[in-house]
1. Rank by packing, highest mean first: peptides B:51-60, C:316-325, B:31-40, with packing defined as the count of other Cβ atoms within 10 Å averaged across residues.
2. Taking the Cα centre of the protein assembly as shown as origin, sum charge times position over the Cβ atoms of Lys and Arg (+1) and Asp and Glu (-1), and report the length of that vector in debye to the nearest 20.
3. Three principal axis extents, largest first, for the C-alpha atoms of chain B, in Å?
4. Rg/Rh for the protein assembly as shown to two decimals, with Rh computed the Kirkwood way over all alpha-carbon pairs.
5. Explain nothing, just the number: relative contact order of chain B, from Cα pairs under 8 Å at least 6 residues apart, as a whole percent.
6. Leaving ligands, DNA and RNA out of it, report the carbon-plus-sulfur percent of the accessible area of chain C at a 1.4 Å probe.
7. Restricting to DSSP loop positions (anything but H, G, I, E, B) with no more than 13 other Cβ atoms inside 10 Å of their own Cβ, which trypsin sites (Lys or Arg not before Pro) remain in the range C:56-106?
8. Once the range B:37-150 is represented by equal point scatterers at the alpha-carbon sites, with solvent omitted, what log10 I(q)/I(0) does the Debye formula produce at q = 0.10, 0.12, 0.17 Å⁻¹?
Amino acid sequence: MCLAIPGKVKKIFNDNTAEIEIGGIVKRASLDLIPQVVVGDYVLLHAGFAIEVIDQEKALEISKAWEGNID
Amino acid sequence: MKEEKILLSHGSGGKLSYNLIKELFLANFNNSYLERLDDGAVLNIDGLRLAYTTDSYTVDPLFFNGGNIGELAVYGTVNDLAMCGAEPSYLSCSFIIEEGFPLSLLEKIISSIKKASLVAHVDIVTGDTKVVNKGAADKIFINTTGIGVVKEGINISGNNAQVGDLIVINGPIGNHGIAVLSEREGLKFETEIKSDTAPLSSLVAEMLEVSKDIHVLRDPTRGGLSTTLNEIALSSKVDIEINEGDIPIQEEVRAACEILGYDPLCLANEGKLVAFIPSKIAPNVLKKMKENKYGKESKIIGRVVKKSEGKVYLNTTIGGERIVDMLTGEQLPRIC
Amino acid sequence: MKYIDEYKNKEIAQNILWQIRRISKKKINLMEVCGTHTVAIFRNGIRKMLPQNINLISGPGCPVCVTPIQYIDEIIAFSRKDNFIITTFGDMIRVPGSTSTLEKEKANGSDVRIVYSTLDALKIAYDNPAKNIVFMGIGFETTSPTIARAILKAEEEKIKNFSVLSVAKIIPPAMRFLLESGEVNIDGFICPGHVSAIIGSKPYSLIAFQYGVPCVISGFEPLDILQSIYLLIRQIENGRAEVEIQYERVVKPEGNKIAMDKINEVFKVVDSDWRGIGNIPLSGLEIKDKYGKFNARKFAIKKEETKEPKGCLCGEVLRGVITPPECPLFKNICTPEDPKGACMVSTEGTCAAYYKYN
């Protein structure tokens with residue numbers, strides 16, 4: 001029901017928008033829903049808004065858990 | 001009953017276009033040339049096999065990253081001839097211009113057309129100019145028609161795909177679609193993606209030097225790879241299988257598709273071709289393609305599996321399988 | 001692309017599938033609530049990879065599909081008025097109302113503009129002060145904060161010609177409604193990851209606790225979905241019913257408080273009609289009176305008489321009671337080119353997914 005895509009915060013502007021890089025594309029998005037973001041964070045982008053910060057440690061867990069086929 | 005109207009989707013190159021062509025144009029003009037629904041017709045005139053094709057160009061914006069309407073008008077028609085296995089020779093060029101269009105822009109477009117015709121080795125030998133009232137056309141529309149000779153022994157057509165043929169593409173898909181889109185108002189995003197606009201006649205000539213036994217050539221323009229493969233599968237009555245992991249797509253194009261909810265398989269290309277080649281000669285053709293400027297990233301993406309009603313299957317990256325359908329209606333940016 | 005490609009690995013997919021086959025004994029129905037999950041499942045061919053005793057049912061999580069036809073007629077009526085510009089996400093443009101679509105109204109000369117963000121719609125209002133700009137406010141909890149933000153910004157910047165036709169909905173009440181109805185047997189929910197990024201995991205605990213149905217909040221890449229299915233099976237086979245978060249890299253148990261505050265500031269929770277499902281108590285969002293000047297319903301608008309498409313079984317499909325091929329219209333007179341029901345027109349509609357990928 002809701003497409004959202006991860007991207008990296010490149011630059012934050014005074015109007016609380018940011019340049020977010022997604023696979024080589026740069027899109028301007030609003031940070032109004034996650035004002036705590038800093039440059040270098042990965043965020044989830046939905047309809048022109050960053051809606052959540054991606055936890056980079058947790059992001060690795062799935063492959064760690066399953067690579068060796070360990071339950 | 002309200003009168004039915006033509007929608008933008010009718011011109012998107014997808015299913016609605018296909019139905020309009022079949023039910024209105026083909027139903028009225030039907031003949032053995034048109035019914036093949038190839039990119040052009042190969043006519044037999046006093047023993048000479050002549051490929052004949054026409055196309056109109058209405059791209060918005062007129063100038064985009066990697067090309068412009070003038071270049072497209074030459075290469076698009078040259079490519080349609082090349083997809084018939086012909087060596088493009090002559091083009092006509094007609095303009096419909098909106099009143100008030102800046103002369104300097106027209107000059108820029110004309111100079112692009114001149115340059116493109118030199119690159120593609122075609123002469124523009126006839127043409128026409130119309131100017132219409134402001135609002136009666138959007139800035140400028142260009143139509144080009146082309147002819148070229150098809151050599152003896154070449155028999156390329158969308159209905160000629162054979163079981164066992166390997167399917168080759170000459171590089172990454174979707175760049176033109178995204179390059180044009182990124183300049184549209186309202187969607188703007190920054191990207192380095194350039195349109196792949198290119199003439200494919202030299203590439204095709206070199207492929208045919210290796211072997212004249214290439215079965216199908218098509219340029220996946222509007223409607224993209226998925227639509228082109230479905231058209232070929234339908235007219236050759238074969239099932240096709242392609243591998244998701246083998247289809248070349250640049251990261252930026254994939255990213256743009258993720259953002260907007262687009263399917264890269266449905267994006268337009270202007271410098272790509274798909275070839276159906278007997279497996280025996282495919283390695284040699286592929287090797288030759290890779291030597292050409294416009295074929296460096298050529299890849300085998302799938303094969304024709306069996307005689308059937310004409311379906312396209314995709315083996316997904318994670319080991320699943322699904323159907324690939326034609327584009328239906330123009331792709332629209334979505335959030336769901 | 002980082003945080004996408006990692007979750008498309010074939011070997012890991014095979015590992016998870018092996019474990020699923022190893023622990024899965026019962027014949028079960030799992031519902032993927034969200035349309036984006038439905039599409040991801042089809043696009044990756046996941047259904048056919050699962051053992052036969054695991055049946056995936058598509059749920060009502062497609063905002064386009066669950067918007068009743070009278071609201072489509074309402075926005076179409078706005079588009080026919082002079083001096084109005086309709087702004088909408090691309091998703092809505094081809095959805096059939098009683099007799100027309102926004103795409104057809106555009107062909108007839110209406111000013112209908114596709115936007116990517118609610119703030120783009122607000123900018124159109126700012127640039128066209130002499131026109132009324134109506135935004136078609138569809139979406140679930142993921143999108144609602146962005147609609148709320150646009151309204152708050154319009155207030156801050158005193159943009160008076162912007163209004164929203166809110167048809168926004170909330171998801172957990174619909175899940176409870178499906179369980180209450182007892183029409184389908186649901187053994188576990190694959191819960192929507194992006195909705196949950198906003199609302200967190202708590203709203204599902206009642207479902208797990210009261211109805212004994214396990215819930216796993218899932219990401220959208222193929223490995224996310226496979227792992228979520230595994231986690232659900234593990235709960236079911238062990239006789240547990242809990243809320244687990246598979247999509248931990250994004251979803252926090254408490255959700256996004258700032259986004260929730262924006263929703264609560266602008267919207268009130270109301271009973272809401274879901275197309276094909278009916279009225280679900282406390283499942284919709286309407287603009288509070290405090291922000292009434294941004295509510296498009298302040299305009300008196302005469303819409304045409306509502307006509308439901310004859311024979312369309314979108315409702316049964318949305319409730320998971322039937323699969324699309326069981327609808328007599330499917331593929332015969334209802335196709336993506338000429339859709340009768342919303343489930344066929346929306347890219348993430350269940351019927352469109354079956355048509356396109358199956």
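1. C:316-325, B:51-60, B:31-40
2. For the protein assembly as shown, the charge dipole is close to 800 debye.
3. The principal-axis extents, from largest down, are 57, 56, 50 Å.
4. So for the protein assembly as shown, dividing Rg by the Kirkwood Rh gives 0.97.
5. 23
6. The computed percentage sits at 50.
7. Of the trypsin sites (Lys or Arg not before Pro), not one in the loops of the range C:56-106 has a Cβ with at most 13 other Cβ atoms within 10 Å.
8. For the range B:37-150, the Cα-only Debye profile gives -0.30, -0.43, -0.79.
The values are calculated or read from the model by the stated rules, or taken from the named source; none is laboratory data. Keep in mind that this is a model prediction, so the values were computed, not measured. When we count neighbours, we look across all protein chains shown, and the Cβ atoms used for this are built from the backbone with ideal geometry, even at glycine. Side chains included, ligands, DNA and RNA excluded: accessible areas come from the protein's heavy atoms. Shrake-Rupley method; radii C 1.70, N 1.55, O 1.52, S 1.80 Å.
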